[in-house]
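The values are calculated or read from the model by the stated rules, or taken from the named source; none is laboratory data. The shown structure was predicted, so the numbers you read here are calculated from the model rather than taken from an experiment. Neighbour counts run over all protein chains shown; Cβ positions are idealised from the backbone, glycine included.
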Amino acid sequence: MQPDAGSWNPAEALPDAFLQLPQQLFANDLRWIPENPAAVQAAFAQGNRWFDSNHAWLGVIPGVARLAGFCYPDMRIDGKPAAFFGYFDCLPDLQACRTLFAEMEQWARSQGAQVVYGPINFSTFGHYRLRLDNFNRAPFVGEPYNPEWYPELVQQLGYQLSHQYSSELLGDTRVLLTDVGDKYARQAAALTDDLTLRPLTAEVWNSNLDQLYPLVHSIFADNFAFTPIDEDSFRGGFSRSVTRQLCPKTSVVAFDHNENIAGFFLCYPDYAPLTNRASDGLLCADTVGFDQHADLLPSPRRLIAKTGGVAPAYRNRKLFSVLSASIALKCPGHYEQVVAATVREDNLSRNFASRHCTSGRTHYGLFCREIA
């Protein structure tokens, strides 16, 4: 079982076997949201600024398993040089995985890494984590989705669970409105002396890119394995994706009296019913958008409260709870359910979701292994 593996040259085209494997593994799974091969090819191509200063490794055993490795020269986690593994897909074949991981780890050691974390596709701005339970529940767009043997195989290879995350289904938005109303209205009123909440539309996002770029980095800089995205990529593909897919009816931003952004929360419709294998006229998850497709979503419509944060100067003022409550108050009439998506278990921002979770949680994990 000889893999096609080695240091990756972004001037080359990805092996067909690497791109085809997910399609083969999930061919009969109607819940699966297909990966976009063109987007994966573009991520590994010279046009990706990531390759200006970083290095990758690629391995595939056709029809069985695939894996990538990513190395940042200056990445240190807990003081140790670290690399990532990502794009991990496989049949339940321990030996095939052992072969790919052994070669990836050898390459990572040659790059100076002492520990490997994953799965992380390039960075935490991309897809990362493995699902740990509820394997038969259909994913929303961007949610980790994998068979139960993925985390089992990774742990059999010596990787340990290092960080855990969860998504919480808050259930019926009418019930949530009743639960949230009075308390959070009072909290919002206490902030109105110096803050104003407004809908976060595509126009508002695009007109504030100059302050959003440094703000995003300051908000999320303390997140695990955070790696800055370059400004061109932020203004380009990242912001185009955000503004195409966000829900302007529920996404919210807080401004102070000087028009500085104090916090924001990005929300998206759950586009899965239009993009998974079960849908008619399959749409691509990377190109679906609110203006063109939101009205096509069937009931019950689900909102994904995806990415939110508060500027350091405004923390400890319950602003995140107020932003979360604002979303809940706007949902009835537009969405029947809300999901607080993929929050790290020790993040205080999940307190609001935990208090109002009525319909279950799904857990995800990152894994690590010392290799030196």
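Just the residues that are assigned to a loop (DSSP other than H, G, I, E, B) and under 17 Å from L303 (Cα atoms), please, taken from the stretch 272-287. Matches in the stretch 272-287: N276, A285. Only one of the numbered conditions (1) touching a residue at least 12 places away in the same chain (Cβ under 8 Å); (2) farther than 23 Å from V154 by Cα; (3) charged (D, E, K, R) is violated by K80, and that is (2). Taking first residues from the stretch 122-143 that are within 24 Å of S279 (Cα to Cα) and partners that are in a loop (DSSP other than H, G, I, E, B) and of a type in the set (K, R), the Cβ contacts under 8 Å between residues at least 6 apart in sequence or on separate chains come to N136/R31; R137/R31; A138/R31; P139/R31.
Summed over the stretch 19-47, residues that are in a helix (DSSP H, G or I) and over 17 Å from N146 (Cβ atoms) total 8. Does M104 meet the test of being surrounded by 23 or more Cβ atoms within 10 Å (Cβ to Cβ) and either within 30 Å of A221 (Cβ to Cβ) or touching a Gly at 6+ places or on another chain (Cβ under 6 Å) (or both)? So M104 passes the test. Restricting the stretch 251-302 to residues that are farther than 22 Å from Q211 by Cβ and of a type in the set (V, I, T) leaves a set whose member that is surrounded by the most Cβ atoms within 10 Å (Cβ to Cβ) is T275.
One line per residue, one yes/no per condition, for (1) of a type in the set (D, E); (2) free of Cβ contacts under 8 Å to residues at least 24 places away in the same chain; (3) touching a Ser or Thr at 6+ places or on another chain (Cβ under 8 Å):
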position	(1), (2), (3)
A5	no, no, no
A11	no, no, no
A17	no, no, no
L21	no, no, no
L25	no, no, no
R31	no, no, no
F44	no, no, no
A56	no, no, yes
R76	no, yes, no
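Return yes when W50 is touching a residue at least 40 places away in the same chain (Cβ under 8 Å), of a type in the set (A, V, I, L, M, F, W, C) and assigned to a helix (DSSP H, G or I) and no when it is not. Yes.
Here's the yes/no breakdown for (1) loosely packed, with under 14 Cβ neighbours inside 10 Å; (2) of a type in the set (F, W, Y); (3) at pLDDT 70 or above; (4) not assigned by TED's automatic domain parsing to the domain that holds L323:
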position	(1), (2), (3), (4)
Y159	no, yes, yes, yes
H163	no, no, yes, yes
A190	yes, no, no, no
T196	yes, no, yes, no
A202	no, no, yes, no
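Looking across A17, A42, A27, one residue alone is more than 15 Å from G86 (Cα to Cα), of a type in the set (A, V, I, L, M, F, W, C) and surrounded by fewer than 12 Cβ atoms within 10 Å (Cβ to Cβ). It is A27. Checking the stated criteria, S218 turns out not to satisfy the condition of being within 16 Å of the chain's Cα centre (by Cα) and assigned by TED's automatic domain parsing to the domain that holds A325. Within the stretch 49-85, track down each residue that is closer than 25 Å to N28 by Cα and surrounded by fewer than 20 Cβ atoms within 10 Å (Cβ to Cβ). If the condition is that a residue be closer than 25 Å to N28 by Cα and surrounded by fewer than 20 Cβ atoms within 10 Å (Cβ to Cβ), then P62, G63 are the ones that fit.
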